[in-house]
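The values are calculated or read from the model by the stated rules, or taken from the named source; none is laboratory data. Because the structure is predicted, anything quoted here is derived from the model rather than measured. Cβ: placed from backbone, ideal geometry, glycine included. Neighbour counts: every protein chain shown.
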Amino acid sequence: LMTMAIVQEKWDLLRCCSKDRMHQYKRMQTYPVLFAIQKLALENNALMSTLSGSGSSFFNMCYEEDAPKLKQVLSKKFPKFRVAVLDFDNDGVLIEKD
């Protein structure tokens, strides 16, 4: 569903498809602050907010123009955490010959 939402540019569906109903809630209970991170991100224009991997990171997707504000809000509320704004890599690994 998430791939379809991205390909068809139905950004409103990302919030719904990023709600992991299998294990995310249980993993987030280990670190309750993750619920606050997710809530704050979604309240500040994140298109989606989801646990990444086992929970050492959180992935928030937003429009490029919303990224600076989202970073500022998250950094201010959670100063001990690192918040990074990254672009998508549409090329993957490239091997170049000299």
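Which condition number in (1) surrounded by fewer than 17 Cβ atoms within 10 Å (Cβ to Cβ); (2) touching an Asp or Glu at 6+ places or on another chain (Cβ under 8 Å) is the one that Q8 fails?
Condition not satisfied by Q8: (2).
Name every residue in the range 29-49 that is in contact with a strand residue (DSSP E or B) (Cβ under 6 Å, 6 or more places away or on another chain) and either among the aromatic types (F, W, Y) or not in a strand (DSSP E or B) (or both), in order of residue number.
I37, Q38, A41, L42, A46, L47
If we scan the range 50-69, do we find a residue that is in contact with a strand residue (DSSP E or B) (Cβ under 8 Å, 6 or more places away or on another chain), in a helix (DSSP H, G or I) and modelled with pLDDT of 85 or more?
No: zero hits.
Would you be able to say whether some residue in the range 83-97 is of a type in the set (K, R), over 13 Å from the mean Cα position of the chain (by Cα) and closer than 23 Å to F35 by Cα?
No, every residue in the range 83-97 fails to be of a type in the set (K, R), over 13 Å from the mean Cα position of the chain (by Cα) and closer than 23 Å to F35 by Cα.
Looking at this structure, is V93 in contact with a helix residue (DSSP H, G or I) (Cβ under 8 Å, 6 or more places away or on another chain), at pLDDT 80 or above and either in a helix (DSSP H, G or I) or among the aliphatic types (A, V, I, L, M) (or both)?
So V93 does not fit the description; no.
Restricted to the range 49-98, and to residues that are among the β-branched types (V, I, T) and touching a Ser or Thr at 6+ places or on another chain (Cβ under 7 Å), which residue is farthest from M28 (Cα to Cα)?
Per the criteria, the residue is V83.
Take R27 and tell me if it is at pLDDT below 85 and in contact with a Ser or Thr (Cβ under 8 Å, 6 or more places away or on another chain).
Yes: the conditions hold for R27.
Residue by residue through the range 47-73, note down the ones that are in contact with a helix residue (DSSP H, G or I) (Cβ under 7 Å, 6 or more places away or on another chain) and within 16 Å of D87 (Cβ to Cβ).
L47, N60, M61, C62, L70
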